[in-house]
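Single-structure report; data block below.
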Amino acid sequence: MWLRFRRDRTGVASAIVVIFFILVAILAPVISWLYGKDPYTLYGQDTPGLLNDFGYPIAPNGGISSQFWFGIEPNLGRDVFTQLVYGIRTSLLIALVTTILTTLIGIVIGIVAGYAGGKTDYFIGRVIDTVLSFPSVLFIIAFMPVVENLFVSADEETPVWLRAVTLVLVLTLFGWAGLARLLRGQVLTLREREFIEAARVTGASPARIVFKELLPNLWTPILIQATLLLPALVTAEAALSFLGVGMIEPIPDWGRMFRRGTEVYTNDITYLIFPGVALVIFVIAFNLLGDSVRDAFDPKLKR
Amino acid sequence: MFRFITRRTLGAVVTLLIIAACTFFLFFAVPADPARLACGKVCPPELLEQARHNLGLDQPLFVQFLTWVGGIFLGRDYEGLGYCSAPCLGFSFVNKAPVLDTILDRMPLTISLTLGAAVVFLFFGVATGIVAALKQGKALDKIASVSSLIGASLQIYFIGTLALYFLVYKNHILRQPGYVPFTENPLNWAAGLMLPWVVLAIIFTANYTRMTRSTMVEQLTEDYVRTARAKGMANRSVVMRFALRGTLITIVTILGVDLGTLIGGAIITEQTFGLQGIGQLSIRAVWSSDLPMLMATVLVAAGAIVVFNIIVDVLYAVIDPRVRLS
Amino acid sequence: MSNPFLSVRDLTVDFHTEDGLVHAVDGLSFDVEKGTTLGIVGESGSGKSVTNLTVLGLHNPETTKISGEIHLDGQELIGASRSTMEKLRGNKIAMIFQDPLTALSPYHTIGRQIGEVYRKHTGASKSEARARAVEMLTRVGIPQPKTRVDDYPHQFSGGMRQRAMIAMALVCDPDLLIADEPTTALDVTVQAQILDLLKELQDQTGTSIIMITHDLGVVANTAHNVLVMYAGRAVERGTVKEVLNTPRHPYTWGLLGSMPRLSSSVDIPLKPVRGTPPSLLNVPSGCPFHPRCDYMDLAGPELCKGERPELSPHRGHGDACYLTLAQKREIHK
Amino acid sequence: MRVRKRSAVAVLAIGVLAVTSACAEGNSGAPAASSGSSNGASAAPSAAYKPAVITLGTAEDSKGPAIPPEGVVKGGTVTMIDRDDFSHLDPAQVYVNTEGNFFRLIGRTLTGYKRVAKGEFKLVGDLATDTGTQSDGGKTWKFTLKDGVKWQDGSPITSADVKWSMERTFAPFVTQGPTYIQQWLTDVDYKKAYAGPYDGKELDAIETPDDKTIIYKFKTPHADASYAFAMAGYGIVPKAKDTKEQYDKEPFSSGPYIIKSHVVDKTMDLERNPHWDPATDPIRGAYPDKWHLEFGFEALQVTDRLMADSGADQTAFTFYGSTPPERLQQVLGDANLANRRMNSPSPYGNYYYFNLDRVKDIKIRQAINYAWPSKQIQQVLGGPAAAALPTTILNENTTVGYESYDLFGKKTKPDGDVEKAKELLAQSSNPTPTIVYAYNQTPVQEQVTVAIKSALAKAGINVVAKPLDRKTYYDSIGKLKNEFDMYWGGWGADWPSGSTVLPIIFGPVADGAPNYSHLKDPALTAEMDKITAETDIDAANTAWMALDKKIQETITPLVVAENRIATMLHGSKVGGAEIDPQMWIVQPDTIFVKP
């Protein structure tokens, strides 16, 4: 499997890009130290001559200069480069944690439904269908405050990380159903196969069957779904911030840069292009990596 | 077949009721007090209480929900605002107008947006998918799969705004997106929605190209395709009549899901292009704590998804006789 | 002897794959007389199916390299244009496949699939095609053809599906019918019925049949002549009696040895051919069977490993093995 | 298969280059200084308009017809495009400026503001012959109706209608609208005192000796009652045609126009009311024949359509669709829009309240006032053209007898005087205080908070930001025992006098009450009651102004916040379009359509 993956040049190239993004996320403080700027200070407001009266960068292309490689943010004047770098951190962290959580729940429910069969399978099947029929984006926007003040009451001090936890919770809430349904289908087909029958006949305990027989066969679809889920969650988190329910200030976040970008695009298109291009490269790299991993694992399964 | 449909519709109604119940009770879990918005700038407690009563919010939650559901099936009498007939979704907290009328008023835009985009992405997606499958490994296949990969990675709010900037704002090639009813002026209707259609299509086409291509490739290796060729059928009819028929099932499945979500109100698309569809209506209902409007938009969104699921299942039977007769 | 109905001369078929060039058929020649049945026998991967698909021109031109000549009733097939081949297929040459469930389209009724061919080649109207389909279903022995014609393949049993397949193949009274392991997927009782049906239809219409199978029993009671193939080449050819009763090639012996006979007693162990079929990527030198041949030292290893043995003599009972005729007779009494 | 994938990365690289190069060409950077008028100084563009002058009119001034604007032309159809439809058409439920402004087209009140010249208004009698005569020390007010004032069906407007209009506001179904006069007539909890006229009971505090005269008897003296009667909330409703809740949908017109058709949230068309006599109306010009109103357009779309000024949009204007920040640079930078552009600061008092129960040390409060980053916040809101920096509690546009003062150097050091703040903090009980600042979680407020946090940090003040959901914002800050030290709050005067601002934002302290700073100072309350009782209106106004300065000087319960400046456009063929400084909306009275 590994051999086939290494031979696949595009897969390797996309893996490099992904690792690059992960490294940038981890080394963000170092980069910001080397670069000399941080994503929080309002450079545009502190040093005059960067922003004009309407708050737009005076230097061309959104204020790109030797000091500010990617320009500065209109009005508040924060540095775009460090915002992007730290932005990866937020998106990757939330997406990673959510992917792990969603996959775990999906596996547990998928296997229980598929393996148990009968009434439980029917019940879980109904729950999955209902969850999939929920208009998830609308629900997240409408009921974000409800989830948030499960932890802290409305007027109390809310720590910044709480919003991240809420986002993870909410995205997982709507994310697990897809994977659960897929795995349930896989388990149903596997259950009929002879080697499961054989294991059962030799008196193996259900736990042993699940872990020894079922799971090893499910790793491929699980891994494939996970590699697909991660980029989808990054874009979902960005979309939520775009709609105003994502991460809150002052934590740098790509989605919020998009929201701001779409507000100022007529005067400063550059501010929108940087997060846009960054997200496109990020998602393409992940999708390419996902494809290559899928091919390496399961060449028969044509894409 | 008929029994199958009734069973599925019953299931759908149950699902919708569950979703409606979740929305209803979650709405009251939000710390905001909808009555506060219906009370004036200075809102002493007794006036607030009066406002709450006028909106019928002072009854126990469960009773309110039952009256709301009752309203849908049997109609409901609002003291002061008059009787609202059978599919009564109540009166908006904000402008006291019947919610159903506002929904029906906004529906044509969302439907035009969805169907317009669907026509574009179905045509391009499936066409490129077939060509890519037939010319597997050749240049065309590479271009198709690469462009579909890039398309799938784009975001509406990014390329939508870019398109707005370059096509509308800077060079005035296209009109500012807006909705003109089809009946009034089909040309302006199309011109107004052209940009959203194209942008939506770019993102969705990618998925259809990839799915059509991979299913078509599989279909072409099926035995009965080889038999068709062995019978002397021309290549074109072999592909169209046999291979495509099998691929239809995959296309129908993802089309059902996509149309369901789009009809439910493409919130991000409408926000990017400033179109007043069901999506914007639901967002505004959330921000102004307008319970009846929120319930209506959720019903529309969830209803669309559920209805399309049933349609997809029915189409399965139409396409594949094995399903129909089992 | 007028020239044979179907003659294949020096046919070579190679496939481009990711791992390199696969030599599926390597210089194969054989003839089929009009009205006779030729049984082609060999393990899977010996090139049986590839040969016949080449006759029909069903290979993907981009990935296959074909050389040699195929003449059908005097008409050259390899070089023929796509449109002429399309006119031939289903009309003059027909083919039936191994697994009738997957070979028939699940989305169309039996009547439509049969009628399609008829309409394509004769321009008949829908109703005429339907009548013809019903007639064909009756000929192949399907009960209540008038109602069953509108059924779908999954509503037919295995045997009935194969009969429908045959009906579809013979609807335009083809001159040559290629049957690619038609009975392998069926159980034995149904197998016999199908084979009798084929023989009966051959007597009625004089169609020549190429029966591809790995089951010598099927060959025994249907074929007039037999061609034994190994690693893309013919290793023995002759009439049924000659090849089954007085086989001359070690591989044929191996095949016969590994088949239980009614006559032989139960306690004599069967003698399967040792080893596995060669990879067609790098075919063994000389006689391709030499790695698995027990008599190599008898014939002289440098011979077997050296030049490739030719099928001799060109007419009648030929084989491609360096053992002398006497040795062959002596080994297989 | 492998070949196909290697090219994917190549194409990817090209795609990226194409997009980034596009941005180089696409954005040539913003002009250094907005070519409008400002050169960095914050005050310049706001000088383009002077505060409104509002005086009391005489009976003579109350006579119709209204003073026409220059170049007026009668006739034609004017189009109004805006975002929101009017949720309430029943005057009793009207409190918001958009609905109040629209009411002027279809309804009348006892008194009203007459436009004499640009930015100059007089309070005159509308239905009444004058602004009312007070007696019994300001506790009794008498109004007489003009002759010839009729309803849309020609029936005369009688004192019974006026009395009925006031009585119905006590009914249970009325929960919005102003409550001043009701409370003056009965007591604070007026709904308990009288339950409305629908069960036949009358309110004896209002007498109607004959069809033309109405007498209001208040429990306490109110010198500025005539201003209160000018509020749209006290518009009149015909007793015969009162359909209770339904009236909110189909009002009966006493004004110059009748609603011909209304599709909620879409369109509304008005036609002339034949029975409206211009001679009896000193306020409404009603020059266009027809009005066509369209709703559902975001501020961005409204601005773009008016900027384009193409086709039908030439005769279009907007009541409240002001230019959003992202279009300000174009609108103010474009010279040929000058004659179609108007701007006016908001008449509301915006404040960052201190929660006096928690921030007890006045030195800290004053230090924060000094260190406040007004200029940076102005920047976030779109620069000097989008926000002005007032320094007084009372708003210059809604205070008769206004005098400015600047205690905390906002004019001299708009970006915050960090040294002075540190100096004060050194003398205070806690040189490095922590302030919990709660803010309404909208995109703009999120950015303002970032500006506040970084500015106050320079003065050693640690700000902890607490985002509140926009739906729960007013609930949370309205609670007495909230956990916050500072929060933004706004209050609009209902008529141009301190009496509707100071006694309310420093009035009774209770849950949901607008006294967000929880300022309880018996001396201050006593002084406010004394001024309210002052019968001489001018003396009262100067007293309010002095009290404004005294509060900020001695107590400093708040930091005066920025004041948005609305910039609005109108079509080239629309004349007489002006922003009413008091209501902060384009008023319909002087609108006409140029041919």
Output for the range C:148-176, where each listed residue is under 21 Å from the mean Cα position of the chain (by Cα) and in a helix (DSSP H, G or I):
C:GLY158, C:GLY159, C:ARG161, C:GLN162, C:ARG163, C:ALA164, C:MET165, C:ILE166, C:ALA167, C:MET168, C:ALA169, C:LEU170
Can you tell me which residues in the range A:1-40 are hydroxyl-bearing (Ser, Thr, Tyr) and open to solvent by less than 20 Å² (accessible area, probe 1.4 Å)?
A:THR10, A:SER14, A:SER32
If D:GLY235 satisfies all but one of (1) within 19 Å of D:GLY112 (Cα to Cα); (2) within 14 Å of chain B (Cβ to nearest Cβ), what's the number of the condition it fails?
(2)
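For every residue, the table says whether it meets (1) touching a residue at least 60 places away in the same chain (Cβ under 8 Å); (2) not in a loop (DSSP other than H, G, I, E, B); (3) not basic (Lys, Arg).
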{"position": "B:VAL257", "(1), (2), (3)": "no, yes, yes"}
{"position": "B:GLN271", "(1), (2), (3)": "yes, yes, yes"}
{"position": "B:GLN276", "(1), (2), (3)": "yes, no, yes"}
{"position": "B:LEU281", "(1), (2), (3)": "yes, yes, yes"}
{"position": "B:SER289", "(1), (2), (3)": "yes, no, yes"}
{"position": "B:PRO292", "(1), (2), (3)": "yes, yes, yes"}
Name the pairs whose Cβ atoms lie under 6 Å apart, with the first residue in the range B:4-32 and more than 8 Å from every other protein chain (Cβ to nearest Cβ), the second open to solvent by 30 Å² or more (accessible area, probe 1.4 Å) and aliphatic (A, V, I, L, M), and 6 or more positions between them or separate chains?
B:PHE28/B:LEU61
Please count how many residues of the range C:284-333 are crowded, with 19+ Cβ neighbours inside 10 Å and free of Cβ contacts under 8 Å to residues at least 12 places away in the same chain.
1
Looking at (1) within 18 Å of D:ASP90 (Cβ to Cβ); (2) of a type outside the set (D, E, K, R); (3) more than 9 Å from chain D (Cβ to nearest Cβ), find the lone condition where B:THR67 falls short.
(1)
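Check the range D:213-223 and report whether any residue there is touching a residue at least 60 places away in the same chain (Cβ under 8 Å), surrounded by 22 or more Cβ atoms within 10 Å (Cβ to Cβ) and not hydrophobic (A, V, I, L, M, F, W, C).
yes
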Out of (1) open to solvent by less than 20 Å² (accessible area, probe 1.4 Å); (2) away from chain B (no Cβ under 14 Å), what's the single condition that is false for D:THR129?
(1)
Can you tell which of A:THR10, A:THR98 is away from chain D (no Cβ under 14 Å), closer than 22 Å to A:LEU288 by Cβ and of a type in the set (Val, Ile, Thr)?
A:THR98
Could you figure out which of (1) out of contact with any Pro (no Cβ under 7 Å at 6 or more places or on another chain); (2) under 27 Å from A:LYS37 (Cα atoms); (3) buried (at least 19 other Cβ atoms within 10 Å of the Cβ); (4) within 7 Å of another protein chain (Cβ to nearest Cβ) isn't true of A:ALA278?
(4)
Can you say whether A:ASN217 is assigned to a helix (DSSP H, G or I), more than 11 Å from chain B (Cβ to nearest Cβ), under 28 Å from A:LEU182 (Cα atoms) and out of contact with any Phe, Trp or Tyr (no Cβ under 8 Å at 6 or more places or on another chain), as far as the supplied structure shows?
yes
Which residues, counting only those in the range D:414-432, are away from every other protein chain (no Cβ under 14 Å) and surrounded by fewer than 21 Cβ atoms within 10 Å (Cβ to Cβ)?
D:GLU419, D:LYS420, D:LYS422, D:GLU423, D:ALA426, D:GLN427, D:SER428, D:SER429, D:ASN430, D:PRO431, D:THR432
Please specify each residue of the range D:445-480 satisfying the condition of being free of Cβ contacts under 8 Å to residues at least 60 places away in the same chain, more than 13 Å from chain B (Cβ to nearest Cβ) and in a loop (DSSP other than H, G, I, E, B).
D:GLY460
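Please return the ranges of helices (runs of 4 or more DSSP H) entirely within the range A:1-67 where 2 or more residues are at pLDDT below 80 and more than 30 Å from D:LYS375 (Cα to Cα).
The qualifying helices (runs of 4 or more DSSP H) are A:2-7, A:9-26.
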Checking A:VAL80 against (1) open to solvent by less than 50 Å² (accessible area, probe 1.4 Å); (2) touching a Lys or Arg at 6+ places or on another chain (Cβ under 7 Å); (3) within 14 Å of chain D (Cβ to nearest Cβ), which test does it fail?
(2)
Testing D:GLY148 on (1) buried (at least 21 other Cβ atoms within 10 Å of the Cβ); (2) under 20 Å from D:GLY255 (Cβ atoms), one condition comes back false. Which one is that?
(1)
Looking at the structure I just gave you, is B:SER214 within 14 Å of chain C (Cβ to nearest Cβ) and surrounded by fewer than 21 Cβ atoms within 10 Å (Cβ to Cβ)?
no
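Name the residue, out of D:GLY333, D:GLY285, that is touching a residue at least 24 places away in the same chain (Cβ under 8 Å) and more than 14 Å from chain A (Cβ to nearest Cβ).
Numbers: D:GLY333 fails: more than 14 Å from chain A (Cβ to nearest Cβ).
It is D:GLY285.
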Here are A:ILE58, A:ILE64, A:ILE72, A:ILE105: which of them is without any contact (Cβ under 8 Å) to a residue 60 or more places away in the chain and open to solvent by 10 Å² or more (accessible area, probe 1.4 Å)?
A:ILE58
Just checking, how many residues over the range D:179-193 are of a type outside the set (S, T, N, Q), surrounded by fewer than 20 Cβ atoms within 10 Å (Cβ to Cβ) and touching a Lys or Arg at 6+ places or on another chain (Cβ under 8 Å)?
1
Evaluate the range D:232-244: report whether one residue or more is free of Cβ contacts under 8 Å to residues at least 40 places away in the same chain, in a loop (DSSP other than H, G, I, E, B), over 27 Å from D:ALA493 (Cα atoms) and hydroxyl-bearing (Ser, Thr, Tyr).
yes
Of all residues in the range B:276-306, which are more than 12 Å from A:LEU138 (Cα to Cα) and facing another protein chain (nearest Cβ under 10 Å)?
B:GLN276, B:SER288, B:SER289, B:GLY303, B:ALA304, B:ILE305, B:VAL306
Could you please let me know if A:THR227 is of a type outside the set (A, V, I, L, M), open to solvent by 20 Å² or more (accessible area, probe 1.4 Å), within 14 Å of chain B (Cβ to nearest Cβ) and over 30 Å from A:ILE72 (Cα atoms)?
yes
Being assigned to a loop (DSSP other than H, G, I, E, B) and surrounded by fewer than 21 Cβ atoms within 10 Å (Cβ to Cβ) is the filter here; which residues of the range C:96-139 pass it?
C:GLN98, C:ASP99, C:PRO106, C:TYR107, C:HIS108, C:THR109, C:GLY123, C:ALA124, C:SER125
For the range B:1-28: of the residues being over 22 Å from B:VAL300 (Cβ atoms) and not polar (S, T, N, Q), which is most open to solvent (accessible area, probe 1.4 Å)?
B:ARG3
Considering only residues that are under 11 Å from the mean Cα position of the chain (by Cα) and touching a residue at least 12 places away in the same chain (Cβ under 8 Å), which ones fall in the range A:90-101?
A:THR90, A:SER91, A:LEU92, A:LEU93, A:ILE94, A:ALA95, A:LEU96, A:VAL97, A:THR98, A:THR99
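The values are calculated or read from the model by the stated rules, or taken from the named source; none is laboratory data. As the structure is a prediction and not an experimental result, all values here were calculated from the model. Virtual Cβ from ideal backbone geometry, glycine too; neighbours counted across all protein chains shown. Side chains are part of the model used for accessible areas, which takes the heavy atoms of the whole protein and leaves out ligands, DNA and RNA. Shrake-Rupley method; radii C 1.70, N 1.55, O 1.52, S 1.80 Å.
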